[in-house]
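Only the coordinates and a few stated rules stand behind these numbers; no lab work does. Given the structure is predicted, the values throughout are model-derived calculations rather than measurements. A quick note on method: Cβ atoms are made from the backbone with ideal geometry, for glycine too, and the neighbour counts reach across all protein chains shown.
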Amino acid sequence: MRKNSIKNTRINGEVQRELSLIIQKEIKDPRIHMMTSVTAAEVAPDLKTCKAYISVLGNEEEKTNTIAGLRSAEGFIRRQLAKNLNLRNTPQITFVLDTSIEYGVTMAKKISDLQSSEPAREEEADE
């Protein structure tokens, strides 16, 4: 089975959706920040492992606490995933902090700052 097969893509989407529901509704760990989202899930073609990319809206301490809380609740999350999804194997989940959204926001801010300073440079050149 190819890595980017239709079946694997569908499984990735289902695992991502179920993980986000489990994290939002079923985990009671106070370390996990309220603004936590699952940005992507990559399940291996043999369904043994899964990388879950987690985005946390907060400071660095909240991000590290959230990842630590998710790692400690890994067994519970895997059990809930097995109960909710009918897969041959329930993947071993590895949580990875995803900073791509934060990076995108900072780059968009830098671009808008450049664009707002550009008219000022044109006015200086005209004088």
inquiry  = Need one number for the range 72-111: average projected area of the convex hull over its C-alpha atoms, nm².
reply    = 4.2
key: Hydrodynamic radius (Kirkwood) for the chain, which is based on Cα pairs only, to one decimal in Å   = 16.6
ask   = Nearest 10 degrees, 0 to 90: what angle lies between the long axis of helix 6-21 and the longest principal axis of the chain (Cα atoms)?
value = 80
query = Once both axes come from the Cα atoms, what is the angle between helix 100-126 and the longest principal axis of the chain, in degrees from 0 to 90, rounded to 10?
reply = 10
Listed residues Thr94, Ile54, Phe76: farthest to the positive end of the dipole of the chain (Cβ charges) = Phe76
query = the range 56-90 to the range 1-41: how many Å between their Cα centroids?
reply = 9
query = Nearest 10 degrees, 0 to 90: what angle lies between the long axis of helix 74-84 and the longest principal axis of the chain (Cα atoms)?
reply = 70
ask   = Which value in Å is the Kirkwood Rh of the range 14-77 over different Cα pairs?
value = 12.1
